[in-house]
Amino acid sequence: MQNRVLLVEDDDELRMLLARYLGGQGFEVREAATGGDGLALAAEGLTDIVVLDIMLPDVSGLEVLRKLRGRNHLPVILLTARGDETDRIVGFEVGADDYIPKPCNPRELVARIHAVLRRVAWDHQAEASPDGVFGDLRVEQDQRRVFLREQPLDLTATEYEVLQVLLAHAGSAVRKTDLMQWALGRRLAAHDRTLDMHISNLRRKLGPEDPSRIETIRGLGYSYRITGVR
């Protein structure tokens, strides 16, 4: 699944730099140089997340954010002037999901995008399972604890993150490249078996008698199958 980013930034050089970098990281990027154009593109419904500069030539980014929140719940990351705490506070009050100060490191922006998208995916899954129950698995997200048939699982921090991503997309395939980015925060390199090791450990802890709980999708990635539905 290729995530679609709407980048609203009036600085042409910065916008093109970020667009190239995001495209190289596997994102589908649409660009806008004004708030009006950004709102028009967002209204087309072809966007998964908005990266929005606060300082725009026609209308402020905060006003764009207010209008977006009046229409939908698209996740939004604000680009703010370094040290401008007021804009950040107001942005969160209006409904921003995160912010990053300018000039921003493209790698940090990618990490923030993945974190917000993962949180949104988890929230969507939680709406379908508001008590955090996924069959015979129960998750206490605030405490970062997981219970299998009410017995606590001893998971490492990384194993928890991998499982969280899989649960957020339960029943659907998650590409190894996406899982690596969202859970471990880095790109999947050739011959890197780190993710496979974490999956193997998760399978063992979730019950070796049920290896299909985390299914390998050959040539793509992994999928979590909810079992023990009560």
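The table below gives the values:
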item	result
Interchain or long-range residues, amide H under 5 Å from Ile54's placed H	Leu79
Potential lengthening between Val90 and Arg218 on full extension [0.36 nm per residue; Cα-Cα distance subtracted]	41.5 nm
Fewest-first sequence of Tyr222, Tyr21 by Cβ atoms within 10 Å of each Cβ	Tyr21, Tyr222
Ranked list, fewest to most other Cβ atoms within 10 Å of each Cβ, for Leu184, Leu220, Leu117	Leu220, Leu184, Leu117
Fluctuation leader among Arg149, Arg30, Arg187 - the chain, Gaussian network, Cα springs under 10 angstrom	Arg149
Angle between the chain longest axis and helix 61-71 axis [Cα atoms, degrees, rounded to 10]	60 degrees
Angle in degrees between helix 12-24 and the longest Cα principal axis of the chain, rounded to the nearest 10	20 degrees
Amide H contacts under 5 Å for Val76, placed H, 5+ residues apart	Val50, Asp97, Asp98
C-alpha long axis of helix 106-128 to longest principal axis of the chain, angle in °	60 degrees
HN-Hα J in Hz across region 168-184 - Karplus 6.51, -1.76, 1.60, θ = phi - 60°, x for Gly and Pro	5, 10, 3, x, 10, 6, 10, 5, 4, 5, 5, 4, 5, 5, 6, 8, 9
Tensor-based shape of region 4-115 (alpha-carbon gyration tensor, a/c under 1.5 rounded, otherwise prolate or oblate)	rounded
Additional length obtainable on full extension of the chain from Ala190 to Ala40, 0.36 nm per residue less Cα span	50.0 nm
The chain, helix-only ellipticity at 222 nm - DSSP H runs n ≥ 4, -39,500 (n - 2.57), divided by all residues, nearest 500	-13000 deg cm²/dmol
Most fluctuating residue given options Phe134, Phe147, Phe27, as computed from a GNM of the chain linking Cα atoms under 10 Å	Phe147
Diffusion constant of the chain at 4 °C, which comes from Stokes-Einstein with the Kirkwood Cα-pair radius and 1.567 mPa s, µm²/s	68 µm²/s
Magnitude of the charge dipole, region 4-115, Cβ model with Lys/Arg +1 and Asp/Glu -1, debye to 20	320 debye
Rg and Dmax [Cα atoms of region 129-224; Å; Rg one decimal, Dmax integer]	12.8, 39
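Laboratory data are not the source of any read-out in this text; all were calculated from the coordinates shown. Just so we're clear, the structure is a prediction, and the values are computed from it rather than from any experiment. Positions of Cβ are backbone-derived with ideal geometry, glycine not excepted, and every protein chain shown enters the neighbour counts.
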